[in-house]
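What follows is a set of notes on a single structure, which appears directly below.
All of the numbers you see were taken from the coordinates with simple rules; none came from a lab. Remember, predicted model here, so these are calculated numbers, not experimental data. Cβ placement follows ideal geometry from the backbone for every residue including glycine, while neighbour counts extend to all protein chains displayed.
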Amino acid sequence: MAFPDTNETLREHKIQVCVRRSLTIDFLRGFAIWMMIVLHNFQHLYDVKTLTDPDYLLTLPVYIILPVIFLAYLGSWAGLFLLISMSANVIAFDRRIQQGVDITKLRNRQLMNGFAILVIAFITEMFTTYAGLAGNLYTRRKFEWFNIYRGLFNWETLNAVGLSIVITSLLLHRLYKDGGDQKVGRNIGVLAVLSFLVIALEPVVNYLIRRFIYLWWTYAFDERQYKLNSQTNFFSNNVVETLFRIPVIALNGHLEPLFPFLGTAFVGTIFGIVLSQEVQRRSYPKYGILFGLALIGLALFMAAFGFDPMNVTLGFRPDSAWYLLGLGGQVLTLSVFLYFVEYRGNTVGFKKISRYWRRWGMLALTIYAFQPIDIPLREFIHVVFGLPTNKNHTLNEFQTLFVTIMVLIYLDIILRLWSRVNFKYSWEWIIVNLFSRKTGIKSERLNIVYVIDEVEPLDFSAELDDTPVEVTVMGRKVPAWAVGVVLFLLFAAMLCGTNYLFN
């Protein structure tokens, strides 16, 4: 992609721009974790079996049915946090490069960060989620080693974020070294092709694993998936066989494996690269909007013509059409917010509106890792209001909504109090301080004044370039949109083909 030549003044301007924060990225990261709390409360507390009864469904008013359908669709947006996290990660990566930090030093910091998140992810799934030890002790009042073991075999959002950071850090180091960070068009092209390949090859990877490893017919909670025949013989008989399955789960298990969610990570990386450029084109967010719509259109096409059924797979690895429907909505949402906030200059008003959710985004990792922190509140509601909040799947829609609102208020109070000490002793605080000492690179991401109170937002509205974006193909310049259309059509054909042949 041909970007205008820059001089030293523009390079200095680039550094100044990049130290500012994207309100859209900060808002959507907080919204993603906030929405996760809402969805998980409905998932844990709501008696979803009532929705499988047609007679009961017909008795529900439209104002209940439509939100339930919308929540089900948002349930496919588990990748939104991954998309936003990778965008923010690359913006920070590029900013450090522009400030003169050694790229190898940056790569090493990012690798440590990614592996740290992976470790936290395993600890979280084993001990501190409702699916792990803490949640089962509360809801079932029973200790079982199995609730700890199975945390090794749930490839959830944090696992996806951690491993994606590791992979993209290695890739960006390879692309950026020796001045490669200036080859923006090449870098975006490589990431786009890799993203399309990962998504299109998911049915092939899934077929090979099912065919040769006999593993993925069931969900992670089923013992057959990873050969935990009993709690007593786990270490003596099955430890090697079981541990072998962890990398296989990372490839194509449940819920967010590399195939296809590494494609989401690469798309987020592209957004991060674009937002880091000193010269911003007016057409950038429009390209993102069109790409999101194209993904949604492809998902509907595949479902309509039988290439892949639109299976609603909440809590499972999504099939291709359902995955594309979610990714398309996420890309569309991100692009629309970027268009109206950063590219239209509506930062002053949005800064105030988004403040609540941006605070949630600052502590997203810790909120995810310690969801049972709401147990005291649930117990209080159980005692005072008589609702069975200490058990799962027992409430109707109104009771679930009431508890969810109370949980959101409760967590917001904790965040406001914790922010007064810049979230000291949170997972984010531990990671930032540990790696700042190791690498000598200081981070201000937990400074509440810098990030929330007196944040200087990215605003591209006064510096947009209307020059058409072009790429060089075989020595000739062609419109970037034309190349994008060709690549997308090839991707669509490949994805339909792999689904037809291997599903």
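May I ask you to order 155-165, 455-465, 73-83 by the average number of other C-beta atoms within 10 Å around their residues, highest value first?
Working: 155-165: 24.9, 455-465: 16.3, 73-83: 22.3.
Packing proxy ranking, top to bottom: 155-165, 73-83, 455-465.
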Q | Computed FRET value (nearest 0.05) for LYS424 with PHE115, which takes r as the C-beta separation and R₀ as 22 Å | A | 0.45
Q | Two-site FRET efficiency, ARG211 against GLN99, from Cβ-Cβ distance with R₀ of 56 Å, rounded to 0.05 | A | 0.70
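Can you give the charge dipole size of the chain about its Cα centre, rounded to the nearest 20 debye, using +1 on the beta carbon of Lys and Arg and -1 on the beta carbon of Asp and Glu?
Working: 45 positive and 37 negative charges, 187 e Å.
For the chain, the charge dipole is close to 900 debye.
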Q: May I ask you to compute the full-extension gain from ARG476 to ILE123, defined as 0.36 nm times their residue separation minus their alpha-carbon distance, rounded to one decimal in nm?
A: 121.8 nm
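May I ask for the net charge around ILE120, where only other residues with Cβ less than 12 Å from the Cβ of ILE120 are counted and Lys, Arg are +1 while Asp, Glu are -1? Show your work: numbers first, answer last.
On the way: positive: none; negative: GLU125, GLU156, GLU428.
Residues near ILE120 contribute -3 overall.
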Q | Förster radius 41 Å - calculated FRET efficiency between HIS393 and ARG355 (Cβ-Cβ, nearest 0.05) | A | 0.75
(Q) Angle check, please: helix 320-340 long axis (alpha carbons) against the longest principal axis of the chain (alpha carbons), in degrees 0 to 90, nearest 10. (A) 50
**Q.** Packing-based ranking, highest mean first, of 243-255, 484-496, 266-278 given that Cβ atoms within 10 Å are counted
**A.** 266-278, 243-255, 484-496
Q) By its C-alpha gyration tensor, with a ≥ b ≥ c as the square roots of the eigenvalues, how is region 265-345 shaped: rounded for a/c under 1.5, else prolate for a/b larger than b/c, else oblate? A) prolate
Q) Roughly what angle does helix 258-275 make with the longest principal axis of the chain, taking Cα atoms, 0 to 90 degrees, to the nearest 10? A) 40
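Output the antiparallel fraction of DSSP beta bridges having both residues in the chain, as a percent to the nearest 5.
Values: 4 of 9 bridges.
Bridges in the chain are about 45 percent antiparallel.
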Q: Kindly provide the helix-only [θ] at 222 nm of the chain, computed as the sum of -39,500 (n - 2.57) over DSSP H runs of four or more divided by all residues, to the nearest 500 deg cm²/dmol?
A: -21000 deg cm²/dmol
Q) How far is it, in nm, from the label point at PHE70 to the one at LYS286 when both lie 7 Å from their Cα along the line to the Cβ? A) 2.9
Q) What is the spin-label model distance, in nm, from ILE414 to VAL62 if the labels are put 7 Å beyond Cα along the C-beta direction? A) 3.9
Q.
Sequence gap at least 6, Cα distance under 8 Å: using those rules, report the relative contact order of region 8-502 to the nearest whole percent.
A. 26
Q. If each of HIS382 and LEU490 carries a label point 7 Å out from its Cα toward its Cβ, how far apart are those two points in nm?
A. 5.7
